[in-house]
Amino acid sequence: MIDKLRIVHYALSRSHHRRLIFWMRTEALMQSSFRLEGAQLASYRDFAGDVVFRLSVGLEDPEDLIADLAQVL
């Protein structure tokens, strides 16, 4: 998906004006931000799966962003 996006860039957010996307595996997310275990972790995985995408929207035209995401989804 990341390789096919044309106007959305893969990067961590650095207070930039451009639209960015970042992905993180569930294991890394549980080690850094959340500490879910057992039934809570299983429930999270049922809902979100194994990877989380974070999309930061900048100053772009909404139609351009929608078109770029639509062509990869």
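The values are calculated or read from the model by the stated rules, or taken from the named source; none is laboratory data. Source: prediction; values computed, not measured. So basically every Cβ, Gly included, is an ideal-geometry build from the backbone, and we count neighbours across all protein chains shown. Keep in mind that these areas ignore ligands, DNA and RNA; they rest on the heavy atoms of the full protein, side chains included. Shrake-Rupley method; radii C 1.70, N 1.55, O 1.52, S 1.80 Å.
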- Item | Within the accessible area of the chain (1.4 Å probe), percent carbon and sulfur | 54 percent
- Apply 1/(1 + (r/R0)^6) to the Cβ-Cβ distance of E63 and L5, taking R0 = 22 Å, and write down the FRET efficiency to the nearest 0.05. 0.90
- Rounded accessible area of R19 (nearest 10 Å², 1.4 Å probe): 40 Å²
- Task: Add +1 for every Lys or Arg and -1 for every Asp or Glu among the other residues with Cβ under 9 Å from the Cβ of D50, and state the total.
- Result: +1
